[in-house]
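The values are calculated or read from the model by the stated rules, or taken from the named source; none is laboratory data. For clarity, every value in this text was computed on a predicted model and none was experimentally measured. In this analysis, Cβ positions are derived from the backbone assuming ideal geometry, glycine residues included, and neighbour counts consider all displayed protein chains.
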């Protein structure tokens, strides 16, 4: 499903599954090891994970923490008289918006890629 979402939304960022990296440790220790293995300089964390992410410890290990504050896009759905049903997943977005789905999800003001130092490639790691 992830590969399908990447293809349909034109996302070209490489994805590596944490489960394929043979990581040890738990919680922040595991996150530090993940960042080291993929050559990260920062860790992107959802705002909802603030109580479980030890940003100070990640900082001491040399990794910045970027807090994501996701705002769900609102788009026209098949039955507008019902109001907008949020959190239905990317298939709802694609089925309702077609080729415009990428522009809805990534408006012009949204950074599609985080700049890496010295022109290095950006890698997104997905925990699984």
message = Step by step: first the residues of region 58-70, then only those that are surrounded by fewer than 15 Cβ atoms within 10 Å (Cβ to Cβ) and in contact with a helix residue (DSSP H, G or I) (Cβ under 6 Å, 6 or more places away or on another chain), then the one that is modelled with the lowest pLDDT. Which residue is that?
response = 69
remark   = Pairing a residue in region 80-97 that is free of Cβ contacts under 8 Å to residues at least 24 places away in the same chain with any residue that is surrounded by 10 or more Cβ atoms within 10 Å (Cβ to Cβ) and part of a helix (DSSP H, G or I), where Cβ atoms lie under 6 Å and the two sit 6 or more apart in sequence or on different chains, gives 93/101; 97/104
task = State which residue is modelled with the highest pLDDT when the search covers only region 22-37 and only residues that are part of a loop (DSSP other than H, G, I, E, B) and exposed (fewer than 14 other Cβ atoms within 10 Å of the Cβ).
result = 22
query = Scanning region 38-53 for residues that are surrounded by 14 or more Cβ atoms within 10 Å (Cβ to Cβ) and without any contact (Cβ under 8 Å) to a residue 40 or more places away in the chain, which turns out nearest to residue 21 (Cα to Cα)?
reply = 43
ask   = Looking at region 38-52, which of its residues are modelled with pLDDT under 90, outside any strand (DSSP E or B) and in contact with a helix residue (DSSP H, G or I) (Cβ under 9 Å, 6 or more places away or on another chain)?
value = 52
query = Residues 15, 94: which one is surrounded by 12 or more Cβ atoms within 10 Å (Cβ to Cβ), in contact with a strand residue (DSSP E or B) (Cβ under 6 Å, 6 or more places away or on another chain) and outside any loop (DSSP other than H, G, I, E, B)?
reply = 15
query = Which residues, taken from region 77-91, are in a helix (DSSP H, G or I) and either in contact with a strand residue (DSSP E or B) (Cβ under 9 Å, 6 or more places away or on another chain) or within 17 Å of residue 6 (Cα to Cα) (or both)?
reply = 90, 91
task = Scan 50, 61 and give me the residue that is farther than 23 Å from residue 4 by Cβ and in contact with a strand residue (DSSP E or B) (Cβ under 8 Å, 6 or more places away or on another chain).
result = 50
